[in-house]
1. Quick query: amide H of G152 versus all other amide H atoms, modeled in the peptide plane; which residues come in under 5 Å with a sequence gap of 5 or more or a different chain?
2. Of the heavy-atom accessible surface of region 1-112 (probe 1.4 angstrom), what whole percent is carbon and sulfur?
3. Find the Cα radius of gyration of the chain, compare it with 2.2 N^0.38 Å by division, and give the number to two decimals.
4. Calculate how steeply helix 66-79 sits against the longest principal axis of the alpha-carbon atoms of the chain, using the helix alpha-carbon long axis, and give the answer as 0 to 90 degrees to the nearest 10.
5. Which value at 222 nm does the chain reach when only helices count, each DSSP H run of 4 or more adding -39,500 (n - 2.57), with the total divided by all residues and rounded to the nearest 500 deg cm²/dmol?
6. Taking +1 at the Cβ of each Lys and Arg and -1 at the Cβ of each Asp and Glu, which of I92, N108, T33 sits farthest along the dipole of the chain towards its positive end, judged by Cα position relative to the Cα centre?
7. Just for the chain, what percent of DSSP beta bridges are antiparallel, to the closest 5?
8. Whole-Hz Karplus ³J(HN,Hα) for region 3-18, in order, using 6.51 cos²θ - 1.76 cosθ + 1.60 and θ = phi - 60°, x for Gly and Pro?
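The values are calculated or read from the model by the stated rules, or taken from the named source; none is laboratory data. Note that the structure is a prediction, hence the values are computed from the model and not measured. Cβ placement follows ideal geometry from the backbone for every residue including glycine, while neighbour counts extend to all protein chains displayed. What goes into the accessible areas is simple: the full protein's heavy atoms, side chains included, and nothing from ligands, DNA or RNA. Shrake-Rupley method; radii C 1.70, N 1.55, O 1.52, S 1.80 Å.
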Amino acid sequence: MKNIVVLVSGGGTNLQALIDAQESGKIKNGKITCVISSKADAYALERAKKHNIKTRVLVRKDYADSVEYSKDILKALQEEKADLVVYAGFMIILDELVVKAMPYKMINVHPALIPSFCGKGYYGLHVHEEALKKGVKVTGATVHFVTEVCDGGPIILQKAVQVHDDDTPETLQKRVMQEAEWEILPQAVSLFCEDKLEVKDNKVYQK
């Protein structure tokens, strides 16, 4: 049984999707053992507590720089014996020292079809605002391994979502979460925990 540690910064809707998937048996050979938040008032912490999941808080602004913060995040992950780290609305870009210590053991869900609308500055509603500005007909979500390059790691799963003519960034964000993010994030977590993912030449293959 693999230990899953989830990193959060906000409301925790993706965390809730993972908790729901775990409780319904969709996540095999893995269990969420700890939720670590970058903010003390993140509602995601309440979600974890309701389901008796251990929580820890490491507030980013308490640290002088990214390196010092990242060192403590890594220390916490090691203390929790994390086999898999999931970014679920975690708004901090960690120093590469964390990724280097846990290669292909960290995954993130991004609310677009990478390589579109990704990289630095593309988070939250910004992603959907840009998608609508561009007039794309299809968007979606991507689960990928975290590497030193922001949103640049090998892609595990993607799911497309139709864009409607009357969409606002808010309605599109909600549909992408419900139809894509909340489905493919638990799927990717389960595949990892079942040892069904293999990375070759920056591509992910299912065994």
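1. Sorted by chain and number, the residues that satisfy this are T147.
2. It is 49 percent, rounded to a whole number.
3. Numbers: Rg = 16.2 Å, N = 207, 2.2 N^0.38 = 16.7 Å.
Scaled against compact globular proteins, the figure is 0.97.
4. 60 degrees
5. Working: 7 runs with 69 residues, N = 207.
When only DSSP H runs of four or more count, the value is -9500 deg cm²/dmol.
6. T33
7. Approximately 45 percent, going by the DSSP bridge assignments.
8. Taking θ as phi minus 60°, the curve returns 8, 9, 10, 10, 9, 9, 9, x, x, x, 5, 5, 4, 4, 4, 5 Hz for region 3-18.
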